[in-house]
Structure formats: structure tokens, C-alpha cells
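> Dumping the structure here so I can ask a few things about it.
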Amino acid sequence: MRIAVVGGGPGGLYLASWVRQFDPAGEVVVWERNPAGDTFGFGVVFSDGTLLGIKETDPALYDAMAARSERWADIAVRYRGEVVRSAGHGFAAIGRKELLRLLYRRCAEAGVTLRFGEQGPPVERLLAEYDLVVAADGANSAIRSGRSDAFGTSLDTRSSRYIWLAVDKPFDALTFLVAESGHGALHGHAYPFSAELSTFIVEADEHAWRAAGLAAPIAGLTPDGSDRFAVERLEEIFADTLDGHRLTGNRSRWRRFTVVRNRRWHQGNLVLLGDAAHTTHFSIGSGTRLAMEDALVLAGLLRDHGCLDGGGSPEAALVAYEQRRGPAVAAAQRAAQASLEWFEDIGLAMGREASQFAFELLTRGGRLSYEDLTAAVRSSDSSFR
Ligand SMILES: Cc1cc2nc3c(=O)[nH]c(=O)nc-3n(C[C@H](O)[C@H](O)[C@H](O)COP(=O)(O)OP(=O)(O)OC[C@H]3O[C@@H](n4cnc5c(N)ncnc54)[C@H](O)[C@@H]3O)c2cc1C
């Protein structure tokens, strides 16, 4: 089978490597518009449950990821001068660049053709030349946008602003942070992804963002191409938490998050995968996992339906792919929606005392229950009782 993949993020690369492993005689080409390793963002977090899934299906990738990941067990909430900790959860995080490097290597070993620094060719041409075209071109997928009626796309761009930064301080927990500007709350989260660095993401609703003086037009850039004023202002606002450590960016700017949904994920031999098909708010840290699960399921179904060895049209496999992935993605999107709405309305919780605030924050998406937290607390000296 000849497969064209547009987009060399985690979803596109993982799919390509699996398909070639299943079908060494086939041809798989990935187009990635950026040079190898030139990507956005910093660390991505995975829960223990996700890692266990990777360990079962792909022990080699698990071992490679484990060797490059930071692991920890606690969640901490920093709020009004107090820190509430809840222990016994279990997370790991890996740098996005590290993860991509591992996936490049897997692709190269499997015999995938990787075309870095090249835009994907026009989709009509790909559809004429390949048996299957995979749009793994991210949340702003141009392929999907060109066929939004066929896919039944809905885009919901939220009003809050966020910025994805890193700090040269290894946090010891998934740490939620709240800073009050006098006119609203800025909140964020941080977690370690290497021995030296932690991801540091800040979000604020429009009002709080303006009130904190963050709405100024970009006047200058840091050497890595980030909004210099935003970096410096956030160092001031979160000075207590940062404790003298410095924020760095990676072409980091204020952005608005868009929730992507599609009623259909394929049209003929064109299929959406990962963020091109669905996004989940970063506060639940699931997008990379979902993209990689899409890849694994799609590759397996193409094999099981006999498509890879020239056994005919992939239509049945693509229908099964939507049926298999749709419910899992919808559940994650529901949790993500509850999470993003809780943070958008964070002002409603700002009067609470610290342990109540932390309890509401940690249970916001419905994925952690009271029992999860009390069980977690009993194994620690947390004030969360
Ligand atoms: C602030 C923030 C924090 C996040 N934190 C986490 C986290 O902790 N854990 C987690 O699991 N997920 C996290 N995510 C989500 C995660 O980044 C995405 O869900 C994940 O990257 C999706 O993978 P993908 O392969 O579908 O798309 P992407 O990673 O977006 O990859 C798409 C690729 O396609 C390329 N491309 C686009 N158009 C073309 C074209 N025309 N030709 C060639 N190439 C093209 C792009 O350059 C890009 O490399 C976060 C997201 C954000 C915004």
C-alpha cells in the first residue's frame, strides 16, 4: 500500500512507523514542513495509565521514553500563599523534541521516507498518487479546512489567552499556580520534563490578561523568537513561585485555544488523525496520547482489514477507525471541556479557602474523584483532608 502522511508530529510519525512495520513492502512518505527537531512547545506530560498502555503495546518505545522522561507522583496547588499537595498519582513527562527524535528514529529504522522542510503537496495530487492520504497536519490543518463541510468541522476558539514557556527549575510535582492581578486571576501549571527544565504554561481570561498589563502589542523578541515583554512580565507576576529562576520561550506568544471537532474523520481515501481531527484543552494534557492512540488503532485496522498487502480499498478500515476512536475521543473532549470551563470561571472559586479550592481544581474534569484524592492524601502529609 502507498500512504502519504502530511505532518510529522507525534501522530503522523507514529502512524507511519507502525504501518511500515506491518507492511515492509509498502511505501510510506511523511511530509513535515519544518526541519527535523524544529518544533513548538516544551515537555508533554503522560499519566501512568497512558504509559502503561504504551508499555503493553510498544515496549521498545516505552523503554526509550522511560529513559528520557522525568517521573513524579504528586500534584500541588499553589494558591494565596499556601501549597496543597496530593500524593500518589503518577506522571511522566518528556520533551516534545525528545519524543519526536525517538519517533524519527523509529520511522527511519522501519523504512519510512521522511521529507523534512517540505510542505505537503496539494491534496488532490496526493489522492491521485497514493492509496491513502493521512492529514496529520495539526490543529490548524489546512487539509481539513479545505474540506470542512465534508468533515463536518466545528471550531470553537476560546477567549482566554495562554502562552507555553519553560523555566530552568525542575518542579517536583504537577504544580497548578494561581496569581491574582487585582482584577482577576492568572493561572498556570508547571511540571518537570528534564533534570533542569519544567514546562510552564500560563492562561488568563481576557479581562485578567488585560488588567495584568499583558495585552501590549509585541514590541520585541527574545533570541528564541518569543514575546519578550510577556516573558519579563510573567517573571514579575510569578516571582514567588519562580524563586529567581528564569522563563524561556520557544517562539512563545499569547494564543487562544481552539477546540476542534469533526463529525466525520474521513472522506474517501483521505483521513484525519490527531489534532487535525480533535483537540483537547492542554489543562488535561492528553492531545499527544490521543494522537498516538489514533495512529496505533488506524495502523492496526489497516492491517486487520487486509489493506496493507494490496487487499483493496481502506473504506471499511476507516469506518472502523472512526467507530473505535470516536467514543474515546469524545470522552476526553468532555473532560477537557469541563476543565477549560472551570479555568475560564476560576474567579468563581477564588474566595474559597485553599483546600476547598484545590479540591475543586483537581476534580474539575471528572477524571479524579473524592475517593482518588483521599486515597492519595492518606499516603502523604498533605493538608488535603
Ligand atoms: C500549550 C499546550 C500544551 C500541551 N501539553 C500537552 C501535554 O502535556 N500532553 C499532551 O499529551 N499533549 C499536550 N498538548 C497537545 C499536543 O501538543 C498535541 O495534541 C499533539 O502535538 C498532537 O499531535 P499531532 O501529531 O496530531 O499534531 P502536531 O503535533 O501539531 O503536528 C502536526 C505537524 O504537521 C506539520 N504540518 C502542518 N501543516 C503541514 C503541511 N502543509 N505540510 C507539512 N507539514 C505540515 C506541523 O509543522 C507539525 O509538525 C499541548 C498543546 C498545547 C497547545
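Readers should treat all values here as calculations from the given coordinates under stated rules, not as data from a laboratory. Just so it is clear, the structure is predicted and the values come from calculations on it, not from any experiment. Ideal geometry is used to build each Cβ from the backbone, glycine not excepted, and the neighbour counts take in all protein chains shown.
> Over what distance in Å are the Cα centres of the stretch 130-172 and the stretch 38-54 separated?
When both Cα centres are located, 17 Å separates them.
> Multiply the residue separation of residue 348 and residue 67 by 0.36 nm, subtract the distance between their alpha-carbon atoms, and state the gained length in nm to one decimal.
97.0 nm
> Could you pull the Cα extents of the stretch 161-256 along its three principal axes, largest to smallest, in whole Å?
34, 28, 24
> So if I place +1 on the C-beta of Lys and Arg and -1 on the C-beta of Asp and Glu, and nothing else carries charge, what would the dipole magnitude of the stretch 56-179 be about its Cα centre? I want it in debye, nearest 20. If you can, show how the numbers build up before the last one.
Values: 17 positive and 17 negative charges, 104 e Å.
For the stretch 56-179, the charge dipole is close to 500 debye.
> Put one equal scatterer on each alpha carbon of the stretch 2-150, apply the Debye formula with no solvent term, and list log10 I(q)/I(0) at q = 0.22 1/Å to two decimals.
-1.37
> A further question follows. Given H placed 1.01 Å from N in the peptide plane, which residues other than close sequence neighbours of residue 79 have an amide H under 5 Å from its amide H?
84
> While we're on this one: Given labels modelled 7 Å from the Cα in the Cβ direction, how far is it in nm from residue 235 to residue 206?
3.1 nm
> Is there a quick way to get the dipole size of the chain? I mean about its Cα centre, with the Cβ of Lys and Arg at +1 and of Asp and Glu at -1; what is the value in debye to the nearest 20?
Numbers: 42 positive and 49 negative charges, 71 e Å.
Dipole size: approximately 340 debye.
> Using a Förster distance of 35 Å, how high is the FRET efficiency between residue 142 and residue 55, based on the Cβ-Cβ distance and rounded to 0.05? Please list the in-between numbers first.
Details: r = 35 Å, r/R0 = 1.00.
The pair residue 142/residue 55 has a calculated efficiency of 0.50.
> Treat every Asp and Glu Cβ in the stretch 285-326 as -1 and every Lys and Arg Cβ as +1, leave all other atoms uncharged, and give the resulting dipole magnitude about the Cα centre to the nearest 20 debye. Numbers along the way, then the final one.
Working: 4 positive and 6 negative charges, 30 e Å.
For the stretch 285-326, the charge dipole is close to 140 debye.
> Rounded to the nearest angstrom and ordered from largest down, what semi-axes does the equivalent ellipsoid of the chain get from its C-alpha gyration tensor (root of 5λ)?
Listed largest to smallest, the semi-axes of the chain are 37, 22, 20 Å.
> Lys/Arg Cβ at +1, Asp/Glu Cβ at -1, dipole of the chain taken about the Cα centre: which of 316, 39, 244 is farthest positive-ward?
316
> Give me 243, 48 ranked fewest to most by other Cβ atoms within 10 Å of their Cβ, as a rough exposure proxy.
Least crowded to most crowded, the residues run 243, 48.
> Give the order of 305, 187 when sorted by the count of other beta carbons within 10 angstrom, beginning with the fewest. Let's see the in-between values first.
On the way: 305 19, 187 25.
Ascending number of Cβ neighbours within 10 Å: 305, 187.
> What ranking of 194, 145, 283, 86 emerges when the number of other C-beta atoms within 10 Å of each C-beta is taken as an exposure proxy, fewest first?
Values: 194 17, 145 13, 283 24, 86 27.
Fewest to most other Cβ atoms nearby, the residues stand as 145, 194, 283, 86.
> Would you list the membrane-span-like helices of the chain, meaning whole DSSP H runs whose alpha-carbon atoms span at least 24 Å along their axis and whose mean Kyte-Doolittle value is at least 0.0? Could you put the intermediate results ahead of the total?
On the way: long enough: 287-304 (25 Å, 0.53); 315-344 (40 Å, -0.21).
Counting only whole DSSP H runs, the qualifying helices are 287-304.
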